[in-house]
Amino acid sequence: MEATRILAIRHGETAWNVDARIQGQLDIALNEKGRWQATRLALALAARDRIDAIYTSDLVRARDTARAIAERTGAPLTADKGLRERAFGRYQGMTFAEIEAVRPDEAARWRHRDPHWAPPEGESLLQMRERVRQTLDQLAARHPGGQIAVVAHGGVLDLLYRAATGMELQAPRTWQLGNAAVNRLLWTTQALTLVGWADTAHLDEDWHDETST
């Protein structure tokens, strides 16, 4: 089977991103900057990339980012719950500092990336990794030799980076997970490979939209 190229994209900014508040699987909309980022992202992809299909988390911040891409590129758009952010259960809506103040032991397990730990009524890293990898395998297998866009969340992108580079779940994060950044991966039935990461040139103020010339 031929490889599938993947454009893995985090949704645009939300007010809760700015406040460092845990969104998890709550439906938080893009803020004004996030909508601007989605537009710039869509313009850039329409100018330089052929996209066969767009798959998005069904949460509104990802879905609206993906819709902007679909409107500019004409690629079909499909929502998939398997691309949702990690379920943080009772901690959704809180900041890490608030959790640390009331549940310091659990906050420590979170900080140290204990793969077996799950927030109350939430999801462990191991559970999330299984969900995300199964979803990506299913979606990518539909497009051998093609290119798809996958619009999701910071936690999803983090797991994809780890899978593509062989980084353990417990390893400290040293890579960026910017809103509306373009990250490029190559998928085969044998492996996920990193091609490029954290491209945000389209978000620079002096970026030139080639489609407007």
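The values are calculated or read from the model by the stated rules, or taken from the named source; none is laboratory data. In this text the structure is predicted, and so the values were computed from the model without any measurement. Every residue, glycine among them, receives a Cβ derived from its backbone with ideal geometry; neighbour counts consider all protein chains shown. To get the accessible areas, we keep the full protein, side chains included, count just its heavy atoms, and leave off ligands, DNA and RNA. Shrake-Rupley method; radii C 1.70, N 1.55, O 1.52, S 1.80 Å.
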Worksheet item: In the stretch 141-213, what GluC sites (Glu not before Pro) fall in a loop by DSSP, with at most 10 other Cβ atoms inside 10 Å?
Response: Glu168, Glu205
Response to the item:
Sorted list, accessible surface of protein heavy atoms, 1.4 Å probe, largest first, for Met128, Met1, Met94, Met167 is Met1, Met167, Met94, Met128
Worksheet, complete the sentence: Computed over the stretch 110-213, protein heavy atoms only, probe 1.4 angstrom, the accessible area per residue in square angstrom equals 48 Å²
Fill in: Accessible area of the stretch 2-54 belonging to carbon and sulfur atoms, whole % at 1.4 Å probe
47 percent
Worksheet entry | Zero-based 5 Å bins, Cα pair distances in the chain, whole percents | 1, 7, 15, 20, 20, 16, 11, 6, 3, 1, 0, 0
Worksheet entry | For the chain, size of Cβ-based charge dipole, Lys and Arg +1, Asp and Glu -1, in debye | 360 debye
Worksheet entry | Probe 1.4 Å - accessible area at His112, Å² to nearest ten | 130 Å²
Worksheet entry | Linear extension gain, Met1 paired with Thr193, 0.36 nm per residue minus alpha-carbon span | 67.6 nm
Fill in: Net length gained if the chain between Arg111 and Arg35 were fully extended (0.36 nm per residue, minus Cα distance)
24.3 nm
